[in-house]
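Below is one structure, written out as structure tokens; the observations come after it.
The values are calculated or read from the model by the stated rules, or taken from the named source; none is laboratory data. Bear in mind that the values here come from a model prediction, so they are computed numbers and not experimental data. When we count neighbours, we look across all protein chains shown, and the Cβ atoms used for this are built from the backbone with ideal geometry, even at glycine. When the accessible area is computed, the model is the full protein with side chains, heavy atoms only, and any ligands, DNA or RNA have been set aside. Shrake-Rupley method; radii C 1.70, N 1.55, O 1.52, S 1.80 Å.
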Amino acid sequence: MSGSFRLGRIAGIDINIHISWLIILVFLTFWLASGYFPTAYPGRTQGTYIVLGLVSTMLLFVSVLLHELAHSFVARARGLPVHSIVLFIFGGVSNIEQEPKTSGVEFSMAFVGPLTSLLIGAFCYGVLFLLRGSQSLFVPILSYLAATNILLGVFNLIPGFPLDGGRVLHSI
């Protein structure tokens, strides 16, 4: 995708970030630091909210990267070449070089991404449960990541293209 720069490689897959990703990085960090965290977790300094916003935004994109890596690893395990992943303003995309040959391969490739997001969300909720009543700065981050990943997983299962749910429906 033009306008992207290479961040690195994971398991032979190029990880690229599109310039539009910087827009959402700034927007989400600002929104979390000035709106969400001060409202949901009052009594902290503005600097703390900025750090919470930046860390939360970065971890959200790690979650999106894990979602895309899940698609890519299943595709490669099924014999489909994967060149790269691009993170951009609306999420991410795995550049799988061929269409799946069977509906079972398409189903597993499509479903594993949302499943990964749902598992990340469930994990975050589990850790939140362990930290209940704590004043830890991990609580706001985990709360945001838990809700966001659950929403990401559910949203991606909506049965319409280009969402994963559209591919799941197509494979069925």
Net charge over other residues, Cβ less than 14 angstrom from the Cβ of Pro140 (K, R count +1; D, E count -1): +2
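In debye, nearest 20: dipole of the chain around its Cα centre with unit charges on the Cβ of K, R (+) and D, E (-)?
Numbers: 8 positive and 6 negative charges, 55 e Å.
I would put it at about 260 debye.
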Cut-off under 5 Å, modelled amide H: who pairs with Gly92 long-range: none
With all protein chains modelled, accessible area of Glu68 [1.4 Å, Å²]: 20
Of (i) 9, 38, 39, 13, 1, 0; (ii) 10, 34, 34, 17, 5, 0; (iii) 9, 26, 31, 24, 9, 1, the label for P(r) over Cα pairs in 10 Å bins from 0, in percent derived from the coordinates: (ii)
Cα gyration tensor category, rounded, prolate or oblate, for the stretch 109-172 with a/c compared to 1.5: prolate
Charge tally in the Cβ shell below 11 Å around Asp164, where Lys, Arg are +1 and Asp, Glu are -1, Asp164 excluded: -1
Listed residues Thr48, Thr39, Thr148, most fluctuating in the chain (Gaussian network, C-alpha, under 10 Å): Thr39
The stretch 12-69 - accessible surface per residue (Å², probe 1.4 Å): 46
Local net charge near Gln98, Cβ-Cβ under 12 Å (Lys/Arg +1, Asp/Glu -1): 0
CD proxy at 222 nm, helix term only [per DSSP H run n ≥ 4: -39500 (n - 2.57); per residue of the chain; nearest 500]: -20000 deg cm²/dmol
Carbon/sulfur fraction of accessible area - the stretch 52-172, other protein chains in place, 1.4 Å, %: 73
Residue (of Asn95, Ser143, Gly165) at the positive-pole extreme of the chain, dipole from beta-carbon charges: Ser143
Cα centroid of the stretch 1-25 to Cα centroid of the stretch 77-113, whole Å: 16
Antiparallel content of DSSP bridges confined to the stretch 1-158, in %, to 5: 75
Residue of Leu137, Leu66, Leu80 that the Gaussian network model of the chain assigns the largest fluctuation, springs spanning Cα pairs under 10 Å: Leu137
Order of exposure, largest accessible area first, which applies to Ile141, Ile150 with probe 1.4 Å: Ile150, Ile141
Pair Thr45, Val127: separation of 7 Å Cα→Cβ label points (nm): 2.4
